[in-house]
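See below for the structure under consideration.
The values are calculated or read from the model by the stated rules, or taken from the named source; none is laboratory data. Predicted model only: the values in this text are computed from it and were never measured. All Cβ positions, even for glycine, are placed from backbone atoms using ideal geometry, and neighbour counts span all protein chains on display.
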Amino acid sequence: MDPVDDPTIFSIVQQIVAPQPGDPQARLTTPILRARRREISRALGDAPAADVLRLARHVEGALPQEQKWIAYELIRHHPGAFAAIGVAEIEDFAGRTTSWYAVDGLGTILTGALWARGQLPDALFDAWSGSENRWLRRSALVATVGRNAVRPDPERTFALCLRLADDRDDMVEKAVSWALRWLAQKDRAVVDAFWDAETDRFRPRVRREVAHKLSTGRKTPRRR
């Protein structure tokens, strides 16, 4: 059955993207969309995990890149679905991420936390880091941000950052910087030691941003 022929799925997708009452031209901001997602999550509280995963898959497919995070949150905030999702579903989602919006949402909402829980293997992120697809390489790095938010793991973070240290793709280079800067907020001492030993292996932007973070606590200098 096509998802648009399923009245439940169609209704929920319409609920997410419906214009603002009284102001149909208003932009659907993140707070508005998140409030709608929370309403849907409450309604799905007792739904079977398989139904929520199916719903999230179709919602993700119906939403543009900058809104796919809503589908990821539907899974993340349903304990049964979050416990049931595995590699196949994550690879399916990741294969349709073609923007930093979707990649960063997937990594910080789902893949990093699932990795920290042992539901996704190290081998998945190793494979992504070696992909010709720039978004999968970025996804591997962003997953460390999500993982470190749950349970810091410097060893895996450093391994992926070093593997992609020479990557000249702008989206990947920025993600290397982000991964290291985020870990520094969780375990400053271990990042300091790593940075002292490995600084020269990274590209200029990464060296600049990480050094500034470590010395000032900020990514970039304040504008005057």
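Structural remarks
- Across the stretch 7-48, the qualifying residues are those that are assigned to a helix (DSSP H, G or I) and polar (S, T, N, Q), and the one among them that is nearest to I75 (Cα to Cα) is S41.
- Selection from the stretch 136-157 of residues that are closer than 19 Å to V206 by Cβ and in contact with a Ser or Thr (Cβ under 9 Å, 6 or more places away or on another chain): R137, R138, S139, A140, L141, V142, A143, T144, V145, N148, R156, T157
- Boolean, V145 is within 17 Å of G105 (Cβ to Cβ), buried (at least 18 other Cβ atoms within 10 Å of the Cβ) and either of a type in the set (V, I, T) or modelled with pLDDT under 95 (or both): yes
- Residues that are among the hydrophobic types (A, V, I, L, M, F, W, C), at pLDDT below 95 and part of a helix (DSSP H, G or I), drawn from the stretch 57-70: V59, A62
- E73 surrounded by fewer than 18 Cβ atoms within 10 Å (Cβ to Cβ) and in the same structural domain as F10 (by TED's automatic domain parsing): no
Matching residues to (1) in contact (Cβ under 8 Å) with a residue 40 or more places away in the chain; (2) closer than 16 Å to R34 by Cβ; (3) in contact with a His (Cβ under 9 Å, 6 or more places away or on another chain):
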| residue | (1), (2), (3) |
| --- | --- |
| H58 | yes, no, no |
| Q67 | yes, yes, no |
| L74 | no, yes, no |
| V87 | no, no, no |
| I90 | no, no, no |
| T97 | yes, no, no |
| Y101 | no, yes, no |
| G107 | no, no, no |
| L114 | no, no, no |
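- Neighbours by Cβ (under 7 Å, 6+ apart or cross-chain): first from the stretch 175-193, of a type in the set (S, T, Y); second in a helix (DSSP H, G or I): S177/R205; S177/V206; S177/E209; S177/V210
- Wholly within the stretch 73-120, helices (runs of 4 or more DSSP H) carrying at least 1 residues that are over 17 Å from R147 (Cβ atoms) and not acidic (D, E): 79-84, 87-94, 100-106
- Elements of the type helices (runs of 4 or more DSSP H) sitting completely within the stretch 153-221 and holding at least 1 residues that are crowded, with 17+ Cβ neighbours inside 10 Å and hydroxyl-bearing (S, T, Y): these cover 154-163, 170-186.
- Remark: R38 falls outside the filter, which requires a residue to be crowded, with 17+ Cβ neighbours inside 10 Å and of a type in the set (K, R).
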